[in-house]
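Here the structure comes first, spelled out in structure tokens, and everything after it is commentary.
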Amino acid sequence: MGLLQMIKSQFLCHLFAGYVFLVSGLIINLLQVCTLPLWLVSKQLARRINIRLAYCINSQLVAALEWWSGTECTLYTDPKSYELYGKENAVVVLNHSFEIDFLCGWTFCERFGVLGSSKVLAKKELAYVPVIGWSWYFLEIVFCKRRWEEDRRTVAESLQNLHDYPENFWFLLFCEGTRFTEKKHQISMQVAESKGLPKLKYHLLPRTKGFWVTVQNLRGSAAAVYDSTLNFRNNETPSLLGILNGKKYHADLYVRRIPLEQIPEDEADCAAWLHKLYQEKDSFQEHYAQTGRYPGPIVSPARRPWTLINWLFWSCLLLYPLGLLLSQLVSSGSVLTLVVSVALCSAASLGVRWMIGQTEINRSSNYGNKPASLNNN
């Protein structure tokens, strides 16, 4: 382990990064609250401001991947499709197998300038999580309760509201509904067998109803579906904790652009189309397992400096009050000050560890661990 790698793995570095992320995030949340009156005057201006405020939060996580850990991303895609990325609204279908697949999706968004406006379909509980969840509320993220009869109407309404969105956006969708585990895969394939569907080796059965509602309500706004399949070289299983420790990974992402008009409008036909898509995704993963690469030409979009600049800005801005607190602690020698400082550091540490824990596969939700939940397609 080199000196730089050793420094990156130190707890104090993690604590400082967590401090910058949490404090800057709460400041940005406060600024977002201040935009509430503006929504009544100019909805589009309020949206543009919140896009940039959300970017200030999301880009810190992308900076950790791109600049702190130095993780590289190779993109396999058609050069003609490449020219359209970032210039149109799109639904991005991602596989859900790794702890940082969401972060790689955000990196994909960042490389093409749509990170601040990117959307996801997220469970309702995340709307109450400070920093990220609160920011998503102002970014008009689509939340669901995973109860289809309730979600069908609320998700459709949320998607319809995006038709007049002022900037290009990508809607990131994990059609499997939950992260891949061996137990969930076994149950999912039992459901596939009961329905007479071909079995998948690397994916769970896709949730067809959510996909159909998304596509139907974004017709006329989104131009295409970007079918995206992610894997990591050397059979690595990256984690957010590994990123925080400065470990470098190499991601390979295969993206196909499929015009939205090629996707059937009928719900049953759309479901069949999506199942066929996942069979193709499975074949791409099999090809990768055998050859170490995806089919097609390679394009390597360059890292943009803005994520690093944003992180350096917030680090410098928040370094002064942190230094002031530490100097007062040293000079005062007060037991109360010491206790408060230790309590704040402990809270920051626990907060960072809790957020990391939410991405860990062994801490993922129980959604999909019962045949009933996966059978509801």
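The values are calculated or read from the model by the stated rules, or taken from the named source; none is laboratory data. Here the structure is a predicted model, which means the values were calculated and not measured. Note that we place each Cβ from the backbone using ideal geometry, even for glycine, and neighbour counts take in every protein chain shown.
Being free of Cβ contacts under 8 Å to residues at least 40 places away in the same chain and under 28 Å from residue 26 (Cβ atoms) narrows it down to one of 143, 169, so name that one. Give the steps one after another, and end with the answer.
Working: 169 fails: free of Cβ contacts under 8 Å to residues at least 40 places away in the same chain.
143 is the lone residue from the list that is free of Cβ contacts under 8 Å to residues at least 40 places away in the same chain and under 28 Å from residue 26 (Cβ atoms).
Given the criteria free of Cβ contacts under 8 Å to residues at least 40 places away in the same chain, touching a Phe, Trp or Tyr at 6+ places or on another chain (Cβ under 8 Å) and closer than 20 Å to residue 93 by Cβ, does residue 221 qualify?
Values: free of Cβ contacts under 8 Å to residues at least 40 places away in the same chain: no; touching a Phe, Trp or Tyr at 6+ places or on another chain (Cβ under 8 Å): yes; closer than 20 Å to residue 93 by Cβ: yes.
Considered against the rule, which asks whether it is free of Cβ contacts under 8 Å to residues at least 40 places away in the same chain, touching a Phe, Trp or Tyr at 6+ places or on another chain (Cβ under 8 Å) and closer than 20 Å to residue 93 by Cβ, residue 221 comes out as no.
Only one of these is in contact with a Leu (Cβ under 6 Å, 6 or more places away or on another chain), touching a residue at least 12 places away in the same chain (Cβ under 8 Å) and closer than 29 Å to residue 104 by Cα: 49, 57, 28. Name it. Full working, then the answer.
On the way: 49 fails: in contact with a Leu (Cβ under 6 Å, 6 or more places away or on another chain); 57 fails: in contact with a Leu (Cβ under 6 Å, 6 or more places away or on another chain).
Only one candidate qualifies: 28.
Test of understanding: among 112, 108, which residue is closer than 20 Å to residue 306 by Cα, in contact with a Cys (Cβ under 9 Å, 6 or more places away or on another chain) and aromatic (Phe, Trp, Tyr)? Reasoning before the result, please.
Working: 112 fails: in contact with a Cys (Cβ under 9 Å, 6 or more places away or on another chain).
Only one candidate qualifies: 108.
Can you tell me which residue in the stretch 179-206 is nearest to residue 261 (Cα to Cα), limited to those that are part of a helix (DSSP H, G or I) and among the hydroxyl-bearing types (Ser, Thr, Tyr)? Quick ask: steps written out before the conclusion?
As a first pass, look at the stretch 179-206 and keep what is part of a helix (DSSP H, G or I): 182-195.
Add one more test, that the residue is among the hydroxyl-bearing types (Ser, Thr, Tyr), and what stays is 188, 194.
On the way: 188: 29, 194: 31 Å.
Selected residue: 188.
Say we look at the stretch 41-71 and pick out the residues that are among the polar types (S, T, N, Q) and either over 21 Å from the mean Cα position of the chain (by Cα) or in a helix (DSSP H, G or I) (or both); which of these is nearest to residue 133 (Cα to Cα)?
Keep residues of the stretch 41-71 that are among the polar types (S, T, N, Q), which gives 42, 44, 50, 58-60, 69, 71.
Subsequent filtering for residues that are either over 21 Å from the mean Cα position of the chain (by Cα) or in a helix (DSSP H, G or I) (or both) retains 42, 44, 50, 58-60.
Numbers: 42: 23, 44: 21, 50: 13, 58: 11, 59: 15, 60: 15 Å.
Applying the filter and picking the extreme gives 58.
For a quick check of your reading of the model, give me the residue pairs whose first member lies in the stretch 125-137 and is farther than 20 Å from residue 162 by Cβ, whose second is aliphatic (A, V, I, L, M) and surrounded by fewer than 16 Cβ atoms within 10 Å (Cβ to Cβ), with beta-carbon atoms closer than 8 Å and at least 6 apart or on different chains.
Pairs found: 130/26; 131/26.
With respect to the numbered conditions (1) at pLDDT 95 or above; (2) part of a helix (DSSP H, G or I), which one is the sole condition not fulfilled by residue 92?
(2)
Go through the residues of the stretch 174-184 one by one and say whether even a single one is surrounded by 14 or more Cβ atoms within 10 Å (Cβ to Cβ), at pLDDT 90 or above, under 19 Å from residue 109 (Cβ atoms) and within 18 Å of the chain's Cα centre (by Cα).
Yes, some residue in the stretch 174-184 is surrounded by 14 or more Cβ atoms within 10 Å (Cβ to Cβ), at pLDDT 90 or above, under 19 Å from residue 109 (Cβ atoms) and within 18 Å of the chain's Cα centre (by Cα).
Name the residues in the stretch 116-140 that are part of a helix (DSSP H, G or I), of a type in the set (A, V, I, L, M, F, W, C) and under 13 Å from residue 25 (Cβ atoms), would you?
From the stretch 116-140, those part of a helix (DSSP H, G or I) are 124-128, 132-138; that's our starting set.
After this cut, where a residue has to be of a type in the set (A, V, I, L, M, F, W, C) as well, the list is 126-127, 132, 134, 136, 138.
132, 134, 136, 138, listed by residue number.
I'd like to know if the stretch 223-237 contains one or more residues that are more than 15 Å from residue 108 (Cβ to Cβ) and in contact with a strand residue (DSSP E or B) (Cβ under 6 Å, 6 or more places away or on another chain). Quick ask: steps written out before the conclusion?
Kept after step one, since they are more than 15 Å from residue 108 (Cβ to Cβ), are these residues of the stretch 223-237: 223, 233-237.
This time we only want the ones that are in contact with a strand residue (DSSP E or B) (Cβ under 6 Å, 6 or more places away or on another chain), so: 233.
Within the stretch 223-237 (the criterion being more than 15 Å from residue 108 (Cβ to Cβ) and in contact with a strand residue (DSSP E or B) (Cβ under 6 Å, 6 or more places away or on another chain)), the answer is yes, since at least one residue qualifies.
Scan the stretch 41-62 residue by residue and report those that are hydrophobic (A, V, I, L, M, F, W, C) and either surrounded by 14 or more Cβ atoms within 10 Å (Cβ to Cβ) or within 15 Å of residue 308 (Cα to Cα) (or both). Break it down into steps so the answer makes sense when it comes.
First, pick out the residues of the stretch 41-62 that are hydrophobic (A, V, I, L, M, F, W, C): 41, 45-46, 49, 51, 53-54, 56-57, 61-62.
Matches in the stretch 41-62: 46, 49, 51, 53, 54, 56, 57, 61, 62.
Tell me which of these residue 284 doesn't satisfy, since it passes every other one: (1) in contact with a strand residue (DSSP E or B) (Cβ under 7 Å, 6 or more places away or on another chain); (2) over 24 Å from residue 169 (Cβ atoms); (3) surrounded by fewer than 19 Cβ atoms within 10 Å (Cβ to Cβ).
(3)
I'm trying to understand the selection: among the residues of the stretch 221-235, which are under 24 Å from residue 206 (Cα atoms) and more than 16 Å from the chain's Cα centre (by Cα)? Reasoning before the result, please.
If we filter the stretch 221-235 for residues that are under 24 Å from residue 206 (Cα atoms), which is where we start, we get 221-232, 235.
Residues satisfying the conditions are 221, 222, 223, 224, 225, 232, 235.
For the stretch 212-230, give me each residue that is more than 16 Å from residue 162 (Cβ to Cβ) and either touching a Gly at 6+ places or on another chain (Cβ under 7 Å) or among the hydrophobic types (A, V, I, L, M, F, W, C) (or both).
The first filter runs over the stretch 212-230 and keeps only residues more than 16 Å from residue 162 (Cβ to Cβ), leaving 212, 226-230.
The answer is 212, 230.
Is at least one residue of the stretch 304-315 of a type in the set (Val, Ile, Thr), in a helix (DSSP H, G or I) and farther than 21 Å from residue 78 by Cα? Before the answer, list the steps.
Step one: filter the stretch 304-315 for residues of a type in the set (Val, Ile, Thr), giving 307, 309.
Among the residues that remain, those that are also in a helix (DSSP H, G or I) are: 307, 309.
Now restrict to residues that are farther than 21 Å from residue 78 by Cα: 307, 309.
The answer is yes, given that some residue of the stretch 304-315 is of a type in the set (Val, Ile, Thr), in a helix (DSSP H, G or I) and farther than 21 Å from residue 78 by Cα.
Restricting attention to the stretch 118-131, does a residue exist that is in contact with a Ser or Thr (Cβ under 8 Å, 6 or more places away or on another chain) and modelled with pLDDT of 90 or more?
No, the stretch 118-131 contains no residue that is in contact with a Ser or Thr (Cβ under 8 Å, 6 or more places away or on another chain) and modelled with pLDDT of 90 or more.
Grab the helices (runs of 4 or more DSSP H) fully contained in the stretch 207-296, keeping just those with 3 or more residues being among the aliphatic types (A, V, I, L, M) and over 30 Å from residue 7 (Cβ atoms). First the steps, then the outcome.
Working: elements: 208-218, 240-244, 267-291.
Here the list reads 208-218, 267-291.
Across the stretch 1-40, what is the number of residues that are exposed (fewer than 15 other Cβ atoms within 10 Å of the Cβ), out of contact with any Ser or Thr (no Cβ under 9 Å at 6 or more places or on another chain), in a helix (DSSP H, G or I) and at pLDDT below 85?
Number of matching residues: 6.
Out of curiosity, is residue 255 at pLDDT below 95 and surrounded by 19 or more Cβ atoms within 10 Å (Cβ to Cβ)? Lay out the reasoning, then the answer.
Numbers: at pLDDT below 95: no; surrounded by 19 or more Cβ atoms within 10 Å (Cβ to Cβ): yes.
Taking the combined requirement at face value, the residue does not satisfy it.
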